[in-house]
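The values are calculated or read from the model by the stated rules, or taken from the named source; none is laboratory data. These numbers come from a predicted model, not from an experiment. Heads up, the Cβs are rebuilt from the backbone with ideal geometry, glycines too, and the neighbour counts pull from every protein chain shown.
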Amino acid sequence: MKKEPTRVEKAVEVATRAHEGQFRKTGEPYIVHPLAVKKILEEWGMDEDTVIAGVLHDTVEDTNLTLDDIRKDFGESVAFLVDGVTKLSTARTGMRDIDTYLPETKDNFLRLLIALGDDIRVLIIKLADRLHNLRTLSALPPDKQRKIAKESLEIFAPLADRLNMGLLRVEMADLAFKYVDPRRYEELKNLIEKSNKSAAKSLKKIEQEVSEALKKEKINFEISGRVKSVYSLHKKLAKHNQNINEIYDLTALRVIVDDVTSCYLALGIIHSLYTPMGGRIKDYIAMPKQNGYQSLHTTVITKDKHVVEFQIRTREMHEYAERGLAASFYYNEQKLTENYKKGKIEHLPTNLLWITELQMTAAKLREGKKVDLKKLKLNLFADKIFVYTPKGDIIDLPNGALPLDFAYRLHTEIGDHVVGVKINGKMSNMNKKLEQGDIVEILTSKNQTPKSSWLGRIITPHARQKLTRALRIKDDNAKAKPAPRPIPPIKKR
C-alpha cells in the first residue's frame, strides 16, 4: 500500500510542477531555491505551515499557481503567509536602490509597515529567502551583487538582529560585506585568523583553568571559543578609530550552564581566577537587550596579561541568542496567525511586544483608521532615527544627526540659509542631537549665508558635501568681486 505524502512533501511536489522549466542564474532548476528555503526554515525549528509557505513562497508571483489553489490544498494559514511574502515583494518593487530604499516619506514608510505587519512569520520566510540568495550571489553580475549585498547589509541583517536571530545576522552581514567591500573583508578576515592563531594556546590554558574551577564547584557546564565576525569587527574598529588594541572581544570564551543561579556562580568563579576590567561587566540577564538577548558579559585580565571576554548564559538563553524569534516559535509551539486573528496577542513575551504593536498598527491602517506614527516605537533600523517635518513628512537620519544635517537633507537652499531651529515646537540649540520622533522646524533668512564654523555642526557626508560646495562658491565670489573704488579727496576752494 502506497504511503500518503505528508503536507510538506505534497508542497514540494506542487512547487516542483509549478516551477518546471524555470531556472536560476546559477543554471540550476528554480526548485533548488524553494527547497533551500525549506531546509533553512526547518533548521530554525519553524512550524509546519511556515515551512510549507517557504516551499511555495514564489509560486503566486512567478507561476500560474493562485492563492485559491494554495488555500484549497494547504489551508488558510499557508495561503495567508504566501500572500504576505508576495505583498512584501510587491511593496519593495521600485525601491531597489539602497540610497532611496529607507523610508523618506509617510507613504513609503506606510507601505513598508503594512508589508511587514501581517504576520511575523512572513519576515522569517523572507529572511530565509534572502539568506539563500546571498549564499548563491556569486552567480549574478557584479552590479547586482553589490546592490543586493548592500540592501542585505543595511536592511535585512539589522532586521535579523531586531528579531535576535544572531547566527543569521552574522552570516548575512559577512556574506554581504564580502561583496560590498571585498578588499576590506579579506583584510579583516586575515587579521582575525592571525589573532586566533596567536591566541589559541593561551585560550586553551584559560579554558582548562575555568573548567577545573567550575567542576570543583560541581557546576554542570559547556565551554567553547567564540570568534568575532568580520563585519562586527569592521563596525567596532570604526567606533575605535581603527585601533585594534581597543577591541577586547576579538576572541572570547562562552560558558553555557543549566540555570540562572549557575550563571552568576560561574561569573564569580571567573572573577576569582582573573582580574575583571572596570566598566566591562554587563548583566543582560537582569536587564535584557531590547531584542530579548540575555547573557552575562565580562572582560578579564589573566595573570599572563591576556585580555579575554567571557559570555555566560543558560542553554535556553543561548538558543534564543542564536535563533531568536524562531526559537520562540519552537519553545512556545504557537502560531501567530491564528492567535492574531482571534485577538489573542497577550501571549507574546515582553521582548516581542514591538511585534504586537506593529501588527495592531498595520490592522488599523488596513481598516482605513488614523494612526499616530509618532507614537509607534518601531526600530528595525538600529543605526537610524526617524524625525518629522511640521507637515508630517518622515526623514531618516543616522544616530547623532544635528539640525543642520536635517536642513541639508530637506534642501540645499534651506541648509544654506539656516538661522535657527525649533524642536518639538521649542527654540533649540543647533548643536543639539536629534532624537527618534522629534518634530523639527528649520528657521531661515535670505540674508543668512553659510559659515565655515558650521562644519563642526554636521555629521552626514551629504550635508558636508553641500556645505563645502556652498563655502567654495562663497569664497570664489568674494575673490571675484572688484575692490571698491577709492573716494577722491575733497578739494578745498
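Descriptive notes on the structure:
- Within region 23-60, the set of residues being assigned to a loop (DSSP other than H, G, I, E, B) and farther than 25 Å from Gly166 by Cβ comprises Arg24, Lys25, Thr26, Gly27, Glu28, Tyr30, Ile31, Asp58.
- Residues of region 205-224 that turn out to be buried (at least 16 other Cβ atoms within 10 Å of the Cβ) and either of a type in the set (A, V, I, L, M) or not in a helix (DSSP H, G or I) (or both), as a count: 6
- Residue match in region 197-207 (condition: among the acidic types (Asp, Glu), assigned by TED's automatic domain parsing to the domain that holds Gln311 and at negative phi): yes
- Single unsatisfied condition, Val170 versus (1) in the same structural domain as Met317 (by TED's automatic domain parsing); (2) closer than 24 Å to Gln294 by Cα: (1)
- Here Glu193 meets each of (1) more than 30 Å from Lys87 (Cβ to Cβ); (2) among the acidic types (Asp, Glu); (3) touching a Phe, Trp or Tyr at 6+ places or on another chain (Cβ under 6 Å) with one exception, condition (3).
- Taken together, the residues in region 268-283 that are surrounded by 17 or more Cβ atoms within 10 Å (Cβ to Cβ) and either more than 16 Å from Lys218 (Cα to Cα) or touching a Ser or Thr at 6+ places or on another chain (Cβ under 6 Å) (or both) amount to 1.
- Residue-level analysis places Ala401 among those that are among the aliphatic types (A, V, I, L, M), at pLDDT 75 or above and assigned to a loop (DSSP other than H, G, I, E, B).
- If you filter region 1-21 down to residues that are of a type outside the set (Lys, Arg) and assigned to a loop (DSSP other than H, G, I, E, B), you find that the one that is surrounded by the fewest Cβ atoms within 10 Å (Cβ to Cβ) is Met1.
- Residue match in region 221-230 (condition: more than 30 Å from Asp304 (Cβ to Cβ) and under 21 Å from the mean Cα position of the chain (by Cα)): no
- First in region 24-46 and closer than 17 Å to Ala139 by Cβ, second anywhere and of a type in the set (S, T, N, Q) and in a loop (DSSP other than H, G, I, E, B), Cβ under 7 Å, 6 or more apart: Thr26/Thr136; Tyr30/Gln22
- Filtered residues of region 249-290 (kept if within 15 Å of Tyr320 (Cα to Cα), part of a loop (DSSP other than H, G, I, E, B) and modelled with pLDDT of 90 or more): Asp258, Asp259, Tyr284, Ile285
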